[in-house]
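A.B. asks: Handing you a structure now.
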Amino acid sequence: MNKNIKFIFDHSLLNYRFNDEHPFNQKRVILTKELLKESGQLTEDQIIPPRVASDDEIALIHDLAYIRAVKSANRMAQEDLIKFGIGTEDTPVFSNMHEAAAQIVGATLSAVEAVMIDGAQGAVNFAGGLHHGFKQKASGFCIYNDAAIAIKYIRKKFDLKVLYVDTDAHHGDGVQWAFYDDPKVCTFSIHETGRYLFPGTGNVNERGIKEGHGFSFNLPIDAFTQDESYISIYENALREIADFFQPDVIITQNGADSHFYDPLTHLSGSMAIYEKIPEVALEISKLYCDGKWIALGGGGYDIWRVVPRAWAQVWNVMKDEHPLHGDLPATWTLKWQKEAPVTLPLTWHDPVEEIPVIPRKIEIEEKNNGTLMNLLKYTNKKSGSTRIGM
Ligand SMILES: [Zn+2]
């Protein structure tokens, strides 16, 4: 299959790095790219460098006072920065913070332009997906919200209806609030319930306001949710939402932190969910959007064992091919094992014996099904018409 899709990458995207101890580490983008190359899935001509985002583009979402604070963060007093969410433990100051964050926005806009202007059928920016960035402040490792800026850019320049699908384990709050009153942008976030996890929002009853009421969807799932339940409710919800909204273009935020190895969350997915997530996105993009699909990265804190495999499968599926199975290329494992502090996986799937046994499995599934039913009420579908597989 020779599908025209683009992988946005440049080493400048790795400059977004808070400090050596910080869990957010863009090395995962290199690991993903290398894994794809070693697998024969990514060629040089598919890689395009990002452009830089202008201040006006960043201001599509963010306040000028906030942009100014990011630019001068190195010179500002801690007490002045805190109100912008900068200088916290989560989002500490680093040098050239504005340039690094703006480069990520530029990369996401490059992905948008590859699809909307240059005729690519899909594009990825795995360095992007910084979904917690707010209009006036940084939050949860995110400075500029590239996903929200890209959506606003598409709205302004092309006047198309955008479906934003966020499968990060954390609620996609920044994007949701940015379009909470906009009926032309539909946001769907599936995430671990905010009861014990940052940012605490993303309840099923967050539905939007004013004209945007009814275009915000949330599926908060229980801690320790495993593959079968995750896949079943994700597929059901996304198909119904897409049918309800009829999008022109789909943007996915592919945070890879719902895996049982992830150190920051409590979900218990395996690699199986990272095959299904892009498969349904591809299906929706073909059914409603003439193939137009932009995929971003997001969270993902097991950068060695989880993120490269998860994101590589997004690319593999975007090519309109099946997710890869079997062994990982030995060249990749051998090369990176020297540097990795953990034993690298040898296969695309997780070995069955590694998958944890969750005693509350049935209870969790029932609870998630109940949440799905609550959500489906809002898609104007009779809940009885939807089959809930286990
Ligand atoms: Zn996350």
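The values are calculated or read from the model by the stated rules, or taken from the named source; none is laboratory data. Quick caveat, the model's predicted, so the values are computed rather than measured. Counting neighbours? That spans all protein chains shown, and the Cβs are built from the backbone with ideal geometry, glycine included. All accessible areas refer to the heavy atoms of the entire protein, side chains included, with ligands and DNA or RNA removed. Shrake-Rupley method; radii C 1.70, N 1.55, O 1.52, S 1.80 Å.
A.B. asks: Select from region 231-276 the residues that are part of a loop (DSSP other than H, G, I, E, B) and in contact with a Cys (Cβ under 7 Å, 6 or more places away or on another chain) and write down the one among them that is farthest from the ligand (Cβ to nearest atom). Let's see the steps before the verdict.
C.D. replies: Initially, region 231-276 is screened for residues part of a loop (DSSP other than H, G, I, E, B), giving 246-248, 254-258, 260-268, 270.
Subset that is in contact with a Cys (Cβ under 7 Å, 6 or more places away or on another chain): 247-248.
On the way: Pro247: 23, Asp248: 27 Å.
The extreme case among them is Asp248.
A.B. asks: When both residues are 6+ apart or on different chains and their Cβ atoms are under 9 Å apart, which pairs have a first residue that lies in region 326-352 and is closer than 16 Å to Ser270 by Cβ, and a second that is small (Gly, Ala, Ser) and open to solvent by 100 Å² or more (accessible area, probe 1.4 Å)?
C.D. replies: none
A.B. asks: Further question: Just the residues that are open to solvent by less than 30 Å² (accessible area, probe 1.4 Å) and free of Cβ contacts under 8 Å to residues at least 24 places away in the same chain, please, taken from region 1-51.
C.D. replies: Ile30
A.B. asks: Sticking with this one: So which of Ala150, Ala127, Ala120 ends up being part of a loop (DSSP other than H, G, I, E, B), in contact (Cβ under 8 Å) with a residue 12 or more places away in the chain and more than 16 Å from the ligand (Cβ to nearest atom)? Please lay out each step first, then the result.
C.D. replies: On the way: Ala150 fails: part of a loop (DSSP other than H, G, I, E, B); Ala127 fails: more than 16 Å from the ligand (Cβ to nearest atom).
Going through Ala150, Ala127, Ala120 in turn, the sole match is Ala120.
A.B. asks: Do you know which residues across region 301-327 are aliphatic (A, V, I, L, M), within 19 Å of the chain's Cα centre (by Cα) and more than 16 Å from the ligand (Cβ to nearest atom)?
C.D. replies: Within region 301-327, the first condition is being aliphatic (A, V, I, L, M), and the residues that meet it are 303, 306-307, 310, 312, 314, 317-318, 324.
The next check asks that each one be within 19 Å of the chain's Cα centre (by Cα); those that pass are 303, 306-307, 310, 312, 314, 317-318.
Those that are aliphatic (A, V, I, L, M), within 19 Å of the chain's Cα centre (by Cα) and more than 16 Å from the ligand (Cβ to nearest atom): Ala312, Val317, Met318.
A.B. asks: If I ask for residues that are open to solvent by less than 50 Å² (accessible area, probe 1.4 Å) and of a type in the set (Ser, Thr, Tyr), which ones from region 193-246 would you list?
C.D. replies: Answer for region 193-246, where residues must be open to solvent by less than 50 Å² (accessible area, probe 1.4 Å) and of a type in the set (Ser, Thr, Tyr): Thr193, Thr201, Ser216, Thr225, Ser229, Tyr230, Ser232, Tyr234.
A.B. asks: Note down all Cβ pairs under 6 Å where the first residue falls in region 183-198 and is over 12 Å from His171 (Cα atoms) and part of a strand (DSSP E or B), the second is modelled with pLDDT of 95 or more and open to solvent by less than 40 Å² (accessible area, probe 1.4 Å), and they're at least six residues apart or on different chains.
C.D. replies: Filtered contacts from region 183-198: Val185/Ile151; Val185/Val162; Val185/Phe179; Cys186/Leu163; Cys186/Phe245.
A.B. asks: Quick check on this structure: which one of Glu89, Glu99, Glu113 is at pLDDT below 95 and either surrounded by 20 or more Cβ atoms within 10 Å (Cβ to Cβ) or of a type outside the set (Phe, Trp, Tyr) (or both)? Step through it out loud before you land on a result.
C.D. replies: Values: Glu99 fails: at pLDDT below 95; Glu113 fails: at pLDDT below 95.
Being at pLDDT below 95 and either surrounded by 20 or more Cβ atoms within 10 Å (Cβ to Cβ) or of a type outside the set (Phe, Trp, Tyr) (or both) holds for just one of Glu89, Glu99, Glu113, which is Glu89.
A.B. asks: Still on this model: Just checking, how many residues over region 154-179 are among the aromatic types (Phe, Trp, Tyr) and either more than 21 Å from Ala242 (Cα to Cα) or within 16 Å of the ligand (Cβ to nearest atom) (or both)?
C.D. replies: Residues that pass the stated criteria total 1.
A.B. asks: While we're here: Can Ala77 be described as on the phi < 0 side of the Ramachandran plot and either modelled with pLDDT under 95 or out of contact with any Lys or Arg (no Cβ under 9 Å at 6 or more places or on another chain) (or both)?
C.D. replies: On the way: on the phi < 0 side of the Ramachandran plot: yes; either modelled with pLDDT under 95 or out of contact with any Lys or Arg (no Cβ under 9 Å at 6 or more places or on another chain) (or both): yes.
It is true that Ala77 is on the phi < 0 side of the Ramachandran plot and either modelled with pLDDT under 95 or out of contact with any Lys or Arg (no Cβ under 9 Å at 6 or more places or on another chain) (or both).
A.B. asks: Turning to a different aspect of this structure: Open to solvent by less than 10 Å² (accessible area, probe 1.4 Å) and assigned to a strand (DSSP E or B), is that true of Leu163? Quick ask: steps written out before the conclusion?
C.D. replies: Working: open to solvent by less than 10 Å² (accessible area, probe 1.4 Å): yes; assigned to a strand (DSSP E or B): yes.
Taking the combined requirement at face value, the residue satisfies it.
A.B. asks: Next question, about the same structure. Applying the selection to region 277-300, what residues are within 16 Å of the ligand (Cβ to nearest atom) and either in contact with a Pro (Cβ under 8 Å, 6 or more places away or on another chain) or part of a helix (DSSP H, G or I) (or both)? Explain how you work it out, then say what you get.
C.D. replies: We begin by selecting, within region 277-300, every residue within 16 Å of the ligand (Cβ to nearest atom); these are 277, 295-300.
Across region 277-300, the qualifying residues are Ile277, Ala295.
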